[in-house]
Amino acid sequence: MPDFDTVILRGTVVGPTGEYPMDLGIADGIIQAIEKDLSGQANHEILAEGCFVIPGIIDSHVHINEPGNTDWEGFETGSKAAAAGGTTCIIDMPINSLPTTINAEAFHKKKEHGENNCLVDFALWGGLVPDNIGQLESLWELGVIGFKAFMSNSGIKKFPCVDTTSLKKGMKAIAKLEGMVLALHAEDDALTAKLSKQYIQSGNTNYTDFLNSRPIEAELIAIKTAIELSGETGCPIHIVHVSCAEGIDLITEAKQNKVDITAETCPHYLCLTTEALDQWGAIAKCAPPLRNPFAVEALWEKFRKGEIDTLGSDHSPCLDVMKKGEDFFKAWCGISGIQHLATISYSLIREKTNWSLLDISKLLSTHPAERFQLPRKGKLEVGMDADLCVANFKGRNSISSEGLYYKNKHSPYVGLHFPFQAKETLVRGRSVFADGTIQNNGRGKFIRFRI
């Protein structure tokens with residue numbers, strides 16, 4: 001009987017302490033050995049000479065939209081895109097699907113769809129809206145990894161934003177649930193609603209007007225409020241898609257004051273600027289919006305200092321028609337990016353910092369696993385799930401619309417070139433992507449948070 005199901009030979013393994021030329025042995029979906037010149041028989045060999053073996057990416061910020069809006073994106077297409085980019089676990093947000101994940105019934109529906117259709121492992125966020133505080137405990141018991149709330153209009157009627165009163169009530173409830181964290185879309189609703197109304201009523205509805213309606217000030221007001229309420233209630237918080245250095249400054253100060261807070265940013269805030277809107281129009285529309293080149297460089301400075309905790313794609317797809325029209329305010333707000341989270345992040349961080357691959361893997365794999373308490377995820381070491389990506393940094397690989405696995409094949413990353421290339425992706429030892437081809441080897445598992 002073979003010693004291993006799969007062995008990965010002659011690669012450079014990015015382990016918990018560094019990068020080493022090692023072989024890696026897998027059996028029963030678990031890493032069983034990481035050794036130099038590994039001995040033993042295996043059913044399958046992967047030759048990784050000239051490649052790095054990195055921990056599988058955990059994308060903690062995706063909008064899959066199933067059930068209800070599967071024509072925008074579903075678990076099947078979204079998870080294929082994830083696998084093609086080296087992502088082995090996705091954490092799906094509670095908004096955009098119908099019903100939204102704000103109660104037990106909706107949770108069960110989404111979980112069933114994921115188990116039937118998701119190629120990679122998946123976890124779920126629960127939603128916090130003004131009228132579901134009594135539902136939070138049941139969602140916790142079912143295994144959500146945390147909760148998500150909007151501090152400004154979400155764009156989805158079935159997922160209203162929270163005001164300060166309902167946010168505080170929700171934080172008090174979440175603080176009592178062991179292991180839970182509240183993710184926040186932090187833009188001030190009063191300011192963004194006021195500015196949007198002014199521009200729309202005056203007939204100014206191009207992308208510049210949209211940018212002006214969502215200034216950095218709106219982020220800062222909301223982040224300050226979130227920090228104050230977190231300190232008062234003891235609720236751990238995770239500020240998603242921070243687009244500006246000033247927001248990171250507030251979060252860093254809060255950490256120094258012992259607030260339990262972490263910060264996420266996204267590849268589009270690091271590789272795109274407002275200039276992308278000239279080329280792509282609403283395909284590059286997101287909220288918070290893209291910032292000018294000076295703001296992007298300022299955010300990179302915070303990144304280099306290690307003040308950002310996680311990276312997520314904020315994959316928010318939609319029908320092609322929803323990105324069209326003369327009124328920029330009416331276009332869908334979201335960027336499709338799940339397939340290239342690792343491609344962009346590993347490539348740009350290597351280029352713009354002196355970080356090691358281990359340092360980068362912490363933001364994309366280890367930190368999300370730890371923050372959201374995902375069991376046996378986020379590191380390459382014996383006893384962990386065999387979630388990994390065999391990748392290299394050879395050449396300049398172009399992103400094309402033809403190569404997208406999305407249901408709606410648009411992305412502002414099309415035409416960009418990066419050296420990172422995922423050669424093979426394994427989820428608990430199952431090859432789900434190899435040499436440019438999806439491997440339909442079974443389905444992913446629902447991952448509940450670790451108590």
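Only the coordinates and a few stated rules stand behind these numbers; no lab work does. Because the structure is predicted, anything quoted here is derived from the model rather than measured. A quick note on method: Cβ atoms are made from the backbone with ideal geometry, for glycine too, and the neighbour counts reach across all protein chains shown.
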Next on the checklist: Taking the 0 to 90 degree range and rounding to the nearest ten, how far is the long axis of helix 216-233 tilted relative to the main principal axis of the chain, both from C-alpha atoms?
Outcome noted: 80 degrees
Checklist outcome for this item: Counting only DSSP loop positions in the stretch 203-297, the trypsin sites (Lys or Arg not before Pro) whose Cβ has at most 13 other Cβ atoms within 10 Å are 258
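Grab the DSSP H runs of the chain that are 4 residues or longer, score each as -39,500 (n - 2.57), total them, divide by all residues and round the 222 nm result to the nearest 500 deg cm²/dmol. Numbers along the way, then the final one.
On the way: 14 runs with 137 residues, N = 451.
Computed mean residue ellipticity for the chain: -9000 deg cm²/dmol.
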Checklist entry - Along the positive direction of the dipole of the stretch 117-182 (beta-carbon charges: Lys, Arg +1; Asp, Glu -1; about the Cα centre), which of 125, 146, 162 reaches farthest? => result 162
Item to check | Angle in degrees between helix 341-352 and the longest Cα principal axis of the chain, rounded to the nearest 10 | outcome: 90 degrees
Checklist outcome for this item: Length gained if residue 163 through residue 396 is fully extended, taking 0.36 nm per residue and subtracting the Cα-Cα distance, is 79.2 nm
Item to check | Sequence-distant lysines (8 or more away, or on other chains) whose Cα lies within less than 22 Å of residue 109 | outcome: 80, 148, 157, 158, 407, 445
Next on the checklist: Need the C-alpha centroid separation for the stretch 301-353 versus the stretch 383-423, integer Å.
Outcome noted: 14 Å
Checklist entry - Measuring from centroid to centroid over Cα atoms, what is the spacing of the stretch 60-96 and the stretch 162-185 in Å? => result 25 Å
Item to check | Spin-label pair residue 36/residue 330, simplified geometry with 7 Å Cα→Cβ offset, distance in nm | outcome: 6.6 nm
Checklist entry - When the Cα centres of the stretch 28-49 and the stretch 225-295 are compared, how far apart do they sit, in Å? => result 40 Å
Checklist entry - Angle, helix 75-84 long axis vs. longest principal axis of the chain, Cα atoms, 0 to 90°, nearest 10? => result 60 degrees
Checklist entry - Counting only pairs 8 or more places apart or on different chains, how many lysine pairs in the stretch 296-384 have C-alpha atoms closer than 21 Å? => result 7
Item to check | the stretch 125-218: trypsin sites (Lys or Arg not before Pro) falling in loop per DSSP and having at most 12 other Cβ within 10 Å | outcome: 157
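Treating only the Cβ of Lys, Arg, Asp and Glu as charged (+1, +1, -1, -1), what charge dipole size does the stretch 57-371 show about its Cα centre? Round to the nearest 20 debye. Walk me through the numbers before you get to the answer.
On the way: 29 positive and 41 negative charges, 37 e Å.
Here the size comes out at about 180 debye.
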